[in-house]
Amino acid sequence: MSEKVRFYHKSTCVTCRRAKELLLGQGANLEERDLVRQPLSEAEIDALIGSDDHRKYLRPKHPLYRERRMNESPPSRAEAVRLMAADPNLIHRPLAIAGGDRVIGFDREALQALVGAGRRKRPGPARAPSSIIGAAPVRK
């Protein structure tokens with residue numbers, strides 16, 4: 001059985017659905033939480049961020065982020081937590097956590113690595129990447 005992946009998302013978000021499909025396709029065992037239907041409390045958001053930089057958890061596409069120019073003048077951690085609890089759409093999503101590793105936003109390679117990190121690789125013959133096997137040099 002694969003390691004459990006805590007998956008925070010918004011069910012209507014296309015990017016979140018792509019990440020979920022990718023994780024399930026990799027055999028992940030998801031423990032899901034819809035950030036809009038089951039909002040996080042300030043305490044839960046604070047615990048989720050842990051010792052990370054709170055700015056990574058703010059969603060740059062959100063209108064409030066742009067209005068307040070949070071990229072230039074980010075809110076304090078306490079204010080960011082308060083704002084994210086008041087408006088879950090401000091939380092950068094999807095967020096996937098397995099063990100001590102986390103992926104914020106959609107990053108295909110990082111999500112695959114997150115799930116693959118818990119699996120043992122089967123021994124097999126060493127192979128060169130298929131793009132190299134039998135490839136002729138490109139001439140212009």
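The values are calculated or read from the model by the stated rules, or taken from the named source; none is laboratory data. What you see is a predicted model; the values in this text were computed from it and never measured. Reconstructed Cβ throughout: ideal geometry from the backbone, glycine too, with neighbour counts over all protein chains shown.
Remarks
- Taking residues in segment 5-20 that are among the polar types (S, T, N, Q) and surrounded by fewer than 22 Cβ atoms within 10 Å (Cβ to Cβ), and partners anywhere that are part of a helix (DSSP H, G or I) and modelled with pLDDT of 95 or more, the pairs with Cβ atoms closer than 9 Å and at least 6 places apart or on different chains are 11/17.
- The test for being closer than 23 Å to residue 10 by Cα and either at pLDDT 95 or above or not aliphatic (A, V, I, L, M) (or both) does not hold for residue 115.
- Selection count where residues are within 12 Å of residue 85 (Cβ to Cβ) and either in a loop (DSSP other than H, G, I, E, B) or of a type outside the set (Gly, Ala, Ser) (or both), scope segment 13-57: 11
- Subset of segment 1-12 [in a loop (DSSP other than H, G, I, E, B) and within 18 Å of residue 106 (Cα to Cα)]: 10, 11, 12
- Some residue of segment 84-95 being among the charged types (D, E, K, R) and modelled with pLDDT of 95 or more: yes
- Residues in segment 31-48 that are closer than 17 Å to residue 102 by Cα and in contact with a helix residue (DSSP H, G or I) (Cβ under 6 Å, 6 or more places away or on another chain) were compared, and the one that is surrounded by the fewest Cβ atoms within 10 Å (Cβ to Cβ) is 46.
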